[in-house]
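For reference, the structure discussed in these notes is given below.
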Amino acid sequence: MTLIPVNTTLVIGLGLIGGSLAKALRANRRFGQVLGYDRDPAETEQGLLSGVIDQAVSAEGLASAVEQADLVVLAVPVKVMETVLAHIAPFLSKQTLVTDVGSTKKNVVEAAMRVFGQIPEGFVPGHPIAGSEKSGVAAADADLFKAHKVILTPLAQSSEAAVATLTALWRSTGAEVLLMDVARHDEVLAATSHLPHILAFSLVDTLAREQDNTDIFRYAAGGFRDFTRIAGSDPTMWHDICLANKQALLGQLDHFSAGLAQLRTAIEQGDGQTMLGIFTRAQAAREHFSRILSGTAYSQNMNNLSVIFRTQPGGSVTGSIRVPGDKSISHRSIMLGSLANGVTEVAGFLEGEDSLATLQAFRDMGVVIEGPDEGRVTIYGVGMHGLKQPPGPLYLGNSGTSMRLLSGLLAAQAFDTELTGDESLSKRPMGRVADPLRLMGAQIETAEQGRPPLRIKGGQPLKGIHYDMPMASAQVKSCLLLAGLYAEGETAVTEPAPTRDHTERMLKGFGYEVVQDAAKASLSAGGQLQACYIDVPSDISSATFFMVAAAIAPGSDLTLEHVGINPTRIGVINILRLMGADISLNNEQEVGGEPVADIRVRYAPLKGIHVPEDQVPLAIDEFPALFVAAACAEGETVVTGAEELRVKESDRIQVMVDGLKALGVDIEGTPDGAIIKGGPLQGGEVESHGDHRIAMSFCVAALRAQGEIKINDCANVATSFPGFVELAQHAGMKVSKEEG
């Protein structure tokens, strides 16, 4: 978009915000000469003397300055906005850009309508979310807006060029620019800024009027001081804001009052579970918002966070390590524990972004969940019909498991839901769960080509079906079985090849009857889930990277502790053994219905094989690492029957083909797999395409590479394996992480 040339900028109002903007623009010199006017001539003069503006404008010269300006910024109090607009309107040309910095927008737009009659195309309201306890032009700070947000609220009449120019202006100050409609802006700011300020004012005023207020304030702790600091803001300004944003603020006050009344009732009645629910949800939300601000939250689009892995060639892996808990079991523990009667205790929960997305979704549906704290989670189940409508869409980050399994469970609830995800998840097909759910009577809307978001209509009676899956998928099977918990009659799923059976095993662990007959799993509605204890074993998918590392790196001898060896998940062990890997299982036992063992892997030369197709579904998530093993093996490895790899977080076949070719490997992709010829690996640069398993697999490849490997776009490793780099370094891999 072509920007509108700005040779002269006029800032009207040289307080903290107006002065800081003028100073920033004068410093970067991208928007011409900076003129400044303030109704207090002393402030204008101070702005000139301190270098905030290039030229001071007097009251007598304001009309001429407006005529000269290409851009006018109104940094004046909300209550005088209409007066100022009326004063300058006769001198504005049709080409002049006009914006403001007020914290409410509806009244600004209404004032502009009254003054102009028709909104000029150069008028774009704005609001920088920044401030300071200091005020006046003497406090002007050119860096005030750096790493802060500025909200622009373009109108229907605002030209695209005007919006683009003002976006560029604010970005030149270091701010992040967001676009929002006027009504939504005022609602959001009423909740996040205006409400906290008036609560702080009210609390301090209430306590100050107490007879013993001296002792109250004398012994006030840090929390009181932190919360009430904003009561030191300008009372006149907040008087104006409350009146300007009256309706939105009253709505938020009513909403807050209702929540406070609920808490009061819980305290009065000694209702500990309700109190705990409020406190844990608030704590989780606060931590979640903090992670958003620091760039580490699951609900942040991880593609905005630049993470690069650099690996140095050579080395070996030795010792004993324990990888994080099984992601599949962690997801299901939250889901079934929430639907159970009683309190479910979980140990070994995976505190990765995907699992946390599932946990947060159930908190949003009214389930009280304590933790996670060092892998321990306590779930206060609400029963089969106790979930509540979430306050908004359920955001699931990058977790396809969460979306596919929840779609089945939510298809039978009494309320409507919407499931959304990040950019990567929004590209993944959901038709293979939506289509059979529709056969059961569910009403589900998807975006184009069956992709998210999913909008699920509540209150739909479901009927059980007998479904023959066209492609083996544990997620599709689990989705339909969870829907079957609520469906009339029997729900049965037959799979073309065995897939992981964690859902069936855990349902039985919660006391629900599931019939497993060869390739078919079936259940009927009407049962109940009873709370239990779940010990989540280490994730064999996460262990795979270290198993392959030990198998390909000479001198390696590595033990992976307490790894789940569910028969439907051990395809990677079977395939590596067929290739000649030295793998032994020790301390085998069963924990909570799931078999576990310590896996010891010692280096041994690998040879190429034709991977048996019956092993492919048992190792579907492990193939990126297995491709690396094949590249290090003697001879040719052929993979077939793995077309599901093309619809994972990325097209894993194509991405691995491209990456290994970049490292000099002789590899050819096929529609359902690849043909890989082992040989030496060079160093190079590869793209993970935001796929966590791709990123970690190429870290393993470095053990046999002849040079450094740079792996781009690795932020999503946090979705399944928090602490991967640190654990890899501990085991002996030469990998480092760079964030930007």
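The values are calculated or read from the model by the stated rules, or taken from the named source; none is laboratory data. Nothing here was measured: the structure is a model prediction, and the numbers come from that model. Here Cβ is always computed from backbone atoms with ideal geometry, including for glycine, and neighbour counts include all displayed protein chains. What goes into the accessible areas is simple: the full protein's heavy atoms, side chains included, and nothing from ligands, DNA or RNA. Shrake-Rupley method; radii C 1.70, N 1.55, O 1.52, S 1.80 Å.
Kirkwood hydrodynamic radius computed over the chain comes to 29.1 Å, based on all pairs of distinct alpha carbons. For segment 465-566, rounded, prolate or oblate, judged on the Cα gyration tensor with a ≥ b ≥ c (square roots of eigenvalues), a/c < 1.5 rounded, else prolate if a/b > b/c? Judged from the Cα gyration tensor, segment 465-566 comes out oblate (a/c at least 1.5, b/c at or above a/b).
Determine the gain in length on full extension of the stretch residue 86-residue 49; use 0.36 nm per residue of separation and subtract their C-alpha separation, reporting nm with one decimal.
Working: separation 37, 0.36 × 37 = 13.32 nm, distance 2.95 nm.
So the chain would gain 10.4 nm between residue 86 and residue 49.
Taking the accessible area of the chain, probe 1.4 Å, and keeping the other protein chains in place, the carbon and sulfur fraction comes to 50%. Under a 5 Å amide H cut-off, with hydrogens placed 1.01 Å from N, residue 635 pairs with 608, 678 among residues at least 5 apart or on other chains. A 1.4 Å probe run over the protein chains yields, for segment 425-551, 37 Å² of accessible area per residue, whole-number rounding. Extension gain for residue 414 to residue 30 (0.36 nm times residue separation, less C-alpha to C-alpha distance): 132.7 nm.
For segment 707-729, the residues whose backbone nitrogen is under 19 Å from a point 7 Å from the Cα of residue 318, taken along Cα to Cβ, are 727-729. Net length available on complete extension from residue 662 to residue 121 is 189.7 nm, with 0.36 nm assigned per residue and the Cα-Cα distance removed.
When you count, for each residue, the other Cβ atoms within 10 Å and take the mean per peptide, how do 579-588, 313-322, 651-660, 421-430 rank with the highest first? Each step should come with its number before you reach the end.
On the way: 579-588: 15.1, 313-322: 16.9, 651-660: 22.6, 421-430: 19.9.
Ranking, from highest mean packing down: 651-660, 421-430, 313-322, 579-588.
PRE reach from residue 3 (point 7 Å along Cα→Cβ): which of segment 59-74 fall under 14 Å by backbone N? Residues 71 qualify, since their backbone N sits under 14 Å from the label point. So in the chain, what percent of DSSP beta bridges are antiparallel if you round to the nearest 5? If we restrict to bridges inside the chain, about 60 percent are antiparallel. Segment 45-91 and segment 179-193 have Cα centres separated by 27 Å.
Distance between the pseudo-spin-label points of residue 274 and residue 286 (7 Å out from Cα toward the beta carbon): 2.2 nm. Averaging Cα coordinates gives a centre for segment 100-117 and one for segment 1-35; these two points are 21 Å apart.
Taking a probe of 1.4 Å, how large is the accessible area per residue of segment 130-211, in Å²?
On the way: 3980 Å² over 82 residues.
Heavy-atom SASA per residue in segment 130-211 reads 49 Å².
Applying 1/(1 + (r/R0)^6) with r as the Cβ-Cβ distance of residue 654 and residue 447 and R0 = 25 angstrom yields a FRET efficiency of 0.65.
Could you calculate the FRET efficiency of residue 224 with residue 427 from 1/(1 + (r/R0)^6), where r is the beta carbon distance between them and R0 is 51 Å, rounded to 0.05?
Working: r = 48 Å, r/R0 = 0.94.
It comes to 0.60.
Based on protein heavy atoms only, segment 307-408 ends up with 27 Å² per residue of surface accessible to a 1.4 Å probe.
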